Amino acid sequence: MPHKPPTQEELEKRKIVGINLETVTDVQSTDFPGHYPGEDHAWDIERFKKGFSVEFHQNDPYEASFSLIGCDASIANAFRRIMIADVPTLAIENVFIWNNTSVIQDEVLAHRLGLIPFTGGREGLHDFLKWFKKPAEGEQPNCTDYNTVELALNIKCEHNENADPNETDPTKLYHHAHVYAKDIVFKPIGRQAHYFSGENAIRPVNPDILIAKLRPGQEINLTMHMHKGVGSDHAKFSPVATASYRIMPTITINQPILGRDAEKFQKCFPKGVIGLEKVTAKEAAQKGSGYEGYEGKLKAVVVDPKSDTVSREALRHEEFKDKVKLGRRRDHFIYLVESTGQWESDAIFLESVQHLKEKAKSLEKQLINMVR
Amino acid sequence: MAARPESEDIAMDDAPTSHQPEVKDDTMVDDEGEDVDENEDDEEEEEEETQRVKLLPGSTETAASFEFANEGHTLGNALRYVIMRNPDVEFCAYAIPHPSEAKMNVRIQTFEGTTAIEALEKGLRDIQELCDVVTDKFVAAAADFAQKKAVTA
């Protein structure tokens, strides 16, 4: 029997994961050689290029949202995982406490300092700074300008002589009652003066992060060393607050939903997902469309399925039974990347793609090495 | 069961799936010994050189298991996907035998005419090509978006 190539409609249908009231269907991808007899599903870069597209929804330094369309979940998930755990950033790694008479214990203070996100000149952060190699037991650490950034925090709380006698606000009664991230001082060493000067200085992303509270007589004197690290080692090194994706929801209205039902249907979805339109004279004139005699009445139309949360509320109502079909597009990933400030959000994604490529490249070399 | 002929299969005791200390297997290159004296002075080179991929015992030309050190689901699943898209591959799967060991295993079985090693190599090359396409399309889309935003603003 000769093989019949799939129709466009059939190809679209294959991409949809069905979402029913209590079950899901067609969850796994089927684009593998041998899955559909007679069809060619071999990996082909030209075919991938043709079917793959990127669509931006938002692109700000601290938040980017975009869609990857036409790629498999395993690839999309690799990028997501790399963004969270493998893209390097600079963070406080060692804290040398000379004096800490505040109520916060040394180790708690050190931990709080480590979690503060920092930023600075991109060229210096990404190109100039290199990995710091942890010294072996008993060995002296090799801290130089290209692998260590030094910071200092020296602050003492004192009475404010000019404060009103009836004042109760500690920030007015005392100097430095609150220690903020902006009180941390960057100490450039060697070539760092070139890469991190002026607006490129190493500084906290948010200057107003509260580190500690002091009372007169208490002080904090410490120096810190920042190193490059990755999120898989410690979350403080992760360049993203969140990096996640959703799969594109689909809503298909199979039979007309009209009048009061349409309004109820609209309320089953988040705002903006379902719109209400008037049935046109042309639609009403069409026999068998289900709109006969309803000219001018409101009908439900799908406006923005991307905003749907796929709550399945519509499926709970008897009146919408068989009239609506919910699903998700298996190959459409809507990413949301929120940077902590050291990278631009879109640059984090590009870096993750680059990272996967480098990974594959180095392993290919290793494999050739192994065979040899 | 008793009448089963002598097969190429290896008893379980002989073929641990991971955490294999130094195996003296002729298909594997034991480069540890040669490396020590050569790269004493260059630390970065030494790190590059450590062999992270190895062929597990019990492998044949067309059916092999590979062990990747310091890899996880990130590469494992992506690699499994592209290898499965190869029509010469009969079977491909990946596993992380134990979560507290930083090791990832890939099993590849191919049809006659190609080898498991070739299929793995093609998979790694395909990932690199894929990444180039994603980068190009992403950069173009970002530029497009910025331009559109500038026009409406």
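Quick check for me: using +1 on Lys/Arg Cβ and -1 on Asp/Glu Cβ, what's the dipole size of the protein assembly as shown about its Cα centre, in debye to the nearest 20? Could you put the intermediate results ahead of the total?
Numbers: 61 positive and 92 negative charges, 789 e Å.
So the dipole magnitude of the protein assembly as shown works out to roughly 3780 debye.
Could you state the angle between the C-alpha long axis of helix A:345-371 and the longest principal axis of the C-alpha atoms of chain A, as a value from 0 to 90 degrees rounded to the nearest 10?
90
Once you sort the root eigenvalues of the Cα gyration tensor of region A:89-237 as a ≥ b ≥ c, which label holds: rounded (a/c under 1.5), prolate (a/b larger than b/c) or oblate (the other case)?
Since a/c reaches 1.5 and a/b is larger than b/c, the shape of region A:89-237 is classed as prolate.
Between the DSSP loop rule and a limit of at most 11 other Cβ atoms within 10 Å, which GluC sites (Glu not before Pro) in region A:108-156 are left?
A:E137, A:E139
Just list whichever of A:K49/A:K357; A:K4/A:K325; A:K271/A:K299; A:K357/B:K54; B:K54/B:K103; A:K359/B:K122 have alpha carbons separated by over 18 Å in the model shown.
Where the Cα-Cα span goes over 18 Å, the pairs concerned are A:K4/A:K325; A:K357/B:K54.
Report, in whole Å, the centroid distance computed from the Cα atoms of region A:309-339 and region A:234-303.
10
On a 0 to 90° scale, report how tilted helix A:73-85 is relative to the longest principal axis of chain A, with both axes built from alpha carbons and the result rounded to the nearest 10.
For helix A:73-85, the angle is close to 20 degrees.
According to a simple spin-label model (label point 7 Å from Cα along Cα-to-Cβ), what is the distance in nm between A:W98 and B:K149?
4.4
Which trypsin sites (Lys or Arg not before Pro) in region A:189-262 pass both tests, a DSSP loop state and at most 13 other beta-carbon atoms within 10 Å?
Within region A:189-262, the qualifying trypsin sites (Lys or Arg not before Pro) (loop, at most 13 other Cβ atoms within 10 Å) are A:R191.
Just the ratio, please: alpha-carbon radius of gyration of the protein assembly as shown over 2.2 N^0.38 Å, N its number of residues.
This ratio for the protein assembly as shown stands at 1.25.
How many percent of the alpha carbon pairs in region B:48-152 exceed a separation of 21 Å?
The answer is 46 percent, as a whole percent.
Rank by packing, highest mean first: peptides B:77-88, A:15-26, with packing defined as the count of other Cβ atoms within 10 Å averaged across residues.
Descending packing order for the listed peptides: B:77-88, A:15-26.
FYI, it's all coordinate maths here, none of it is from the lab. Fair warning: this is a prediction, and the values are worked out from it, not measured in the lab. When we count neighbours, we look across all protein chains shown, and the Cβ atoms used for this are built from the backbone with ideal geometry, even at glycine.
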